[in-house]
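Everything below concerns the one structure shown next.
The values are calculated or read from the model by the stated rules, or taken from the named source; none is laboratory data. From a predicted model like this one, the values you see are computed outputs, not experimental measurements. Reconstructed Cβ throughout: ideal geometry from the backbone, glycine too, with neighbour counts over all protein chains shown. Quick note on the areas: whole protein, heavy atoms, side chains included, nothing else; ligands and nucleic acids left out. Shrake-Rupley method; radii C 1.70, N 1.55, O 1.52, S 1.80 Å.
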Amino acid sequence: MKIAYTMSTGRGDTDELLLELANRLASYGWRLGGIVQINTERDYDGPCDMDVKVLPEGPVLRISQNLGQNSRGCRLDAGALEASVGLAEAELTKGIDCLIINKFGKQEADGRGFRDVIAKALADDIPVLVGLNDLNREAFEAYTAGMATQLDGNIAALEGWFLEQSNDLKCA
């Protein structure tokens, strides 16, 4: 199973790392699928706006809702996330070299979100990398039957893993 994950401790660090990785792989000519998250800080000291770019070329969709500065509820716009799922799934049919998913989050832990896209990519022998946090780690490990590879949260480790997967594909 060609699936790996990465985790970072800082707020938004995984998002920035996966965005940088996607930009690098695209510059090498890789055909990408999935989504990367782009966070935009707001003028006040509140949560950032969350957008996702559907790989390889967009669109960019806002997946956060503005619930107000002092809100504590879930800001995820599940409808916008599901729209990005559909767009990413369509890219699979075009033939991609790798799938990057910004996060195996609550939607995926609850059986929705990108689970089917990830499964289809793996069935097609497409390497998959996901961002992960501790909140959803147990659900991710159950989903992957503990067969996912944990990668260090740095660009060299992620890029190296994808290059290794690419070499495996060329030798098969």
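Some observations on this one:
- With respect to the conditions (1) open to solvent by 70 Å² or more (accessible area, probe 1.4 Å); (2) closer than 13 Å to G33 by Cβ, E141 lacks only one, and its number is (2).
- Against the conditions (1) among the small types (G, A, S); (2) closer than 19 Å to V52 by Cα; (3) modelled with pLDDT under 95, G131 satisfies every one except (3).
- R112 falls short on exactly one of the conditions (1) open to solvent by 60 Å² or more (accessible area, probe 1.4 Å); (2) of a type in the set (K, R); (3) within 15 Å of Y5 (Cβ to Cβ); (4) free of Cβ contacts under 8 Å to residues at least 60 places away in the same chain, and that condition is (3).
- Only strands (runs of 3 or more DSSP E) whose full extent lies in segment 1-73 are considered here, and the ones with at least 3 residues that are open to solvent by less than 50 Å² (accessible area, probe 1.4 Å) and modelled with pLDDT under 90 are 49-55.
- Taken together, the criteria exclude A148 from residues that are in contact with a Pro (Cβ under 9 Å, 6 or more places away or on another chain) and more than 24 Å from S64 (Cα to Cα).
- Checked against (1) within 14 Å of the chain's Cα centre (by Cα); (2) surrounded by 15 or more Cβ atoms within 10 Å (Cβ to Cβ), W161 passes all but a single condition, namely (1).
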